[in-house]
Amino acid sequence: MRNEEGYRAPQVCHIVGITYRQLDYWARTGLLAPSIRAAAGSGSQRLYAFTDIVQLRVVKRLLDAGMSLKRIRQAVQILSDQLHSDRPLADVTLLSDGATIYAAHSPDEVVDVFRRGQGVFGIAVGPVQEELEGELHRLFPPTRPLETAFSSEA
């Protein structure tokens, strides 16, 4: 049987800049679960897709901007419902001022996810994706299989 392609937890933590404890908590509580393979008991390993890593990086940036994890969870749920998407943080451009989150669906439409208006700064998901692609290329050159880049899950 062919090995599934994807990123294991230690790789994801390194790439996103979060601890294993954060990643584990977010997966166990349903904030962002791995889309390739979930943990299935002791000794099993989660496997994350690239779009999972993009969304995790967006969560990290929102936390760094001062958003609480509770508010991020609310925004993910609202956006998921509005967009009918299981990857809401990869489907829009997000803006935040640390107190609320705005979603830009197009250059002409910016919506306050929580229905309040304040000054904002932007996190464009496209550039986050491009930045991650560059970092992954540097960290894991094409000649080196991704599955062997890190030997064990923390």
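The values are calculated or read from the model by the stated rules, or taken from the named source; none is laboratory data. Given the structure is predicted, the values throughout are model-derived calculations rather than measurements. Backbone-built Cβ (ideal geometry, glycine too); neighbour counts: all protein chains shown.
Some points to look at:
- The lone criterion from (1) at pLDDT 95 or above; (2) within 20 Å of Ile78 (Cα to Cα); (3) of a type in the set (Val, Ile, Thr) left unmet by Val54 is number (1).
- Looking across region 100-116, the residues that are within 12 Å of Ala75 (Cβ to Cβ) and modelled with pLDDT of 80 or more come down to Thr100, Ile101, Tyr102, Ala103, Asp112, Val113, Phe114.
- When region 41-78 is filtered for residues that are surrounded by fewer than 21 Cβ atoms within 10 Å (Cβ to Cβ), touching a residue at least 60 places away in the same chain (Cβ under 8 Å) and closer than 18 Å to Tyr20 by Cβ, only Gln45 remains.
- Matching residues, region 12-25, being assigned to a helix (DSSP H, G or I) and surrounded by fewer than 21 Cβ atoms within 10 Å (Cβ to Cβ): His14, Ile15, Tyr20, Arg21, Gln22, Asp24, Tyr25
- Within region 117-139, the set of residues being modelled with pLDDT under 85, in contact with a strand residue (DSSP E or B) (Cβ under 9 Å, 6 or more places away or on another chain) and more than 21 Å from Lys70 (Cβ to Cβ) comprises Gly122, Ala124, Val125, Gly126.
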